[in-house]
1. In the range A:150-162, is there at least one residue being modelled with pLDDT under 90, within 9 Å of chain B (Cβ to nearest Cβ) and outside any helix (DSSP H, G or I)?
2. Scan B:Ile114, B:Ile100, B:Ile77, B:Ile68 and give me the residue that is in contact with an Asp or Glu (Cβ under 9 Å, 6 or more places away or on another chain) and on the phi < 0 side of the Ramachandran plot.
3. Restricting to the range B:66-93, name every residue that is outside any strand (DSSP E or B) and out of contact with any Cys (no Cβ under 9 Å at 6 or more places or on another chain).
4. Would you check which residues across the range B:64-78 are open to solvent by 70 Å² or more (accessible area, probe 1.4 Å) and without any contact (Cβ under 8 Å) to a residue 40 or more places away in the chain and list them?
5. Could you say which residue among B:Arg58, B:Arg81 is open to solvent by 60 Å² or more (accessible area, probe 1.4 Å), at pLDDT 80 or above, more than 11 Å from chain A (Cβ to nearest Cβ) and within 19 Å of the chain's Cα centre (by Cα)?
6. Scanning for something in a helix (DSSP H, G or I) and closer than 21 Å to B:Val27 by Cα, does the range A:69-87 turn up at least one residue?
7. In this structure, does A:Pro83 turn out to be within 11 Å of chain B (Cβ to nearest Cβ) and either more than 29 Å from A:Leu158 (Cβ to Cβ) or at pLDDT 80 or above (or both)?
8. Looking only at the range A:50-61, decide whether some residue is touching a Leu at 6+ places or on another chain (Cβ under 6 Å) and in a loop (DSSP other than H, G, I, E, B).
Amino acid sequence: MQTKQIAHTALLSAAALSMYALENALPPLFAFAPGVRLGLSNAVCLLAIFLLGWDGAYLVFLVKSVLGALLAGNPGALLYALPAGLLSLTVQILLVKFLLNRLSLCGISVIGAFVFNAVQLLVARLVTGVPLLAVLPLYLLSGAAAGLFTGLVVYFILRYLPRSVYLNSLKKPIKNKNMRTCANEKEES
Amino acid sequence: MKTDVERIETVKKGRPLKIPDLAALLVILAAAVLLPLAGLGQQAGAAVEITGTDGETRAYDLGTDARIELAGLTVVIEGGRAYVVGAACPDKLCEAHPSIGRSGESIVCLPQRIVIKIVGDGGQFIVSGA
């Protein structure tokens, strides 16, 4: 791993962790369903798939989840968040890799949120033994809304991200006449 | 296989929402609406289990209409469903909760530490201690 990539991974992990902490500090959106969140830190994970590749995205997710749960004083939440998050991230990575031409970021994010909620409820069902199907519609609806929001956030970040930020730092940069590098821009100005 | 730079360019050129995205959204929304209509595959419950402030659990037959007065709130059993009235807590969340009648459904009153839960499959539950 190059020094640059380590720095970028650390930067995005810190961003994800900040979002996680911020969201934890806010009161729940619905009093009767404390698990319903906007998932802002997942936006950073989705962004990491593009900026760091799949391995970096997993790292950002693991750092965010483990440190976030420990800092929030709730390591028990990892029991639900880790399997749900890992599966959701894997699905999103596969969608980004193979279906980016068909799906937009919103779709990928919505499907990711759906997988996350489904796995989380499944684990909760296995652990507590209480049938949680009654709350499934609520989680499906809130997951779709949160996924849509997260997808839009990442779409606009990527859309307005200057090429100079990623062109020289990403793995396997490609040569293209239409793309201006950081050095070119400096020469022109 | 595309490089990461190419992927970002794809996103930059693309629209924020495409037709397949809307299809995925519609499927999820349809599932959210249809699942409760299908009754979630859960059977109607047979009894109400109420765990009171003292930690003791008592069961009541869901088939017999009754009013159970507890410290702080009253549970009403009516037509095979149970709901809460007269909550003494300020937020009255449990009162706002829709009535419950299917196995596994519950109403929780956090301030009073009272849990009202539907248990058993229709007709198979033997009420004890009532």
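1. Scanning the range A:150-162, I find at least one residue that is modelled with pLDDT under 90, within 9 Å of chain B (Cβ to nearest Cβ) and outside any helix (DSSP H, G or I), so the answer is yes.
2. Going through B:Ile114, B:Ile100, B:Ile77, B:Ile68 in turn, the sole match is B:Ile77.
3. Listed by number, the residues that qualify are B:Ala71, B:Gly79, B:Gly80, B:Gly86, B:Ala88, B:Pro90, B:Asp91, B:Lys92.
4. Selection gives B:Thr64, B:Asp65, B:Arg67, B:Glu69, B:Glu78.
5. Only one candidate passes the filter, namely B:Arg81.
6. yes
7. no
8. No, that holds for no residue.
The values are calculated or read from the model by the stated rules, or taken from the named source; none is laboratory data. Model, not experiment: these values are computed from the prediction. Here the Cβ is made from the backbone with ideal geometry for all residues, glycine too, and neighbour counts use every protein chain on show. Ligands, DNA and RNA are excluded from the accessible area calculation, which covers all protein heavy atoms including side chains. Shrake-Rupley method; radii C 1.70, N 1.55, O 1.52, S 1.80 Å.
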